[in-house]
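Remarks on the structure that follows.
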Amino acid sequence: LSAWSKSNSPEKPQRALAVLRRMINQSENRNHKVHADEHAYSLVINACAFSNAGPETETEAFDIAVIVLNEMVTSKDVHPTSLTYGWFIQACGRLNAPEPLRNAHIEQAFTRCCSKGLVNDFVLQRLRGAASDEVYHLLMNSVLGKERFKGRLSSALPLEWTRNCSKRKVFASREVPNSPTRERYE
């Protein structure tokens, strides 16, 4: 999955999804060595986000990203992380999709991210890069107001939005879950 997400292949979203589907199939067939976790799903979304193979392929990549995120949201076992939401929002901003549809998915993903308490600087950076000024200000209106924040915006967000985020080191855009610096934002 990592190789497909970094690939220049025009088929990388489809190929990454196929790998994920095989992983799920192996797991369901009781192969305990294979587990499709949150990171595996997120890598498929990342592969979609960086698809650069033309409008038709990007439209399909957008659809795949939406399907994968929806599977995570409805799953009992796999749940989106800050990384997932950030990459999904980035995919919405980069891929060929009608603006109203793109904006609706950005708003929905960010709202879910807030409700799960997973907003961090990564998500905010991706939101700022993907959303139009109108959508960004609509989503951030409750915290932006007229004040200008210095430093990291996430420190000024409501605790409810960040309650499940941890301070972690990030290597190559991948969260390190067992980092010794793992602490709750307070």
Rounded to the nearest 10 Å², the accessible area of Arg163 at probe 1.4 Å: 80 Å²
Residue-normalised accessible area of segment 1-96, given per residue in Å² at a 1.4 Å probe: 49 Å²
Apportionment of accessible area to carbon and sulfur, segment 1-103, percent (1.4 Å): 49 percent
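With charges set only on the Cβ (+1 for Lys and Arg, -1 for Asp and Glu), what does the dipole of segment 1-77 come to about its Cα centre, in debye to the nearest 20?
The calculation lands at about 380 debye.
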Burial ranking of peptide ranges 133-140, 13-20 (average Cβ count within 10 Å, highest at the top): 13-20, 133-140
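Where Lys and Arg each count +1 and Asp and Glu each count -1, what net charge lies around Ala91 among other residues with Cβ under 10 Å from its Cβ?
+2
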Per-residue SASA entry for Trp4, accessible area with 1.4 Å probe, Å² rounded to 10: 70 Å²
Cβ-Cβ FRET estimate between Glu160 and Ser9, R0 fixed at 41 Å, reported to 0.05: 0.50
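The values are calculated or read from the model by the stated rules, or taken from the named source; none is laboratory data. Just so it is clear, the structure is predicted and the values come from calculations on it, not from any experiment. Backbone-built Cβ (ideal geometry, glycine too); neighbour counts: all protein chains shown. Protein only, heavy atoms only, side chains kept; ligands, DNA and RNA dropped before computing areas. Shrake-Rupley method; radii C 1.70, N 1.55, O 1.52, S 1.80 Å.
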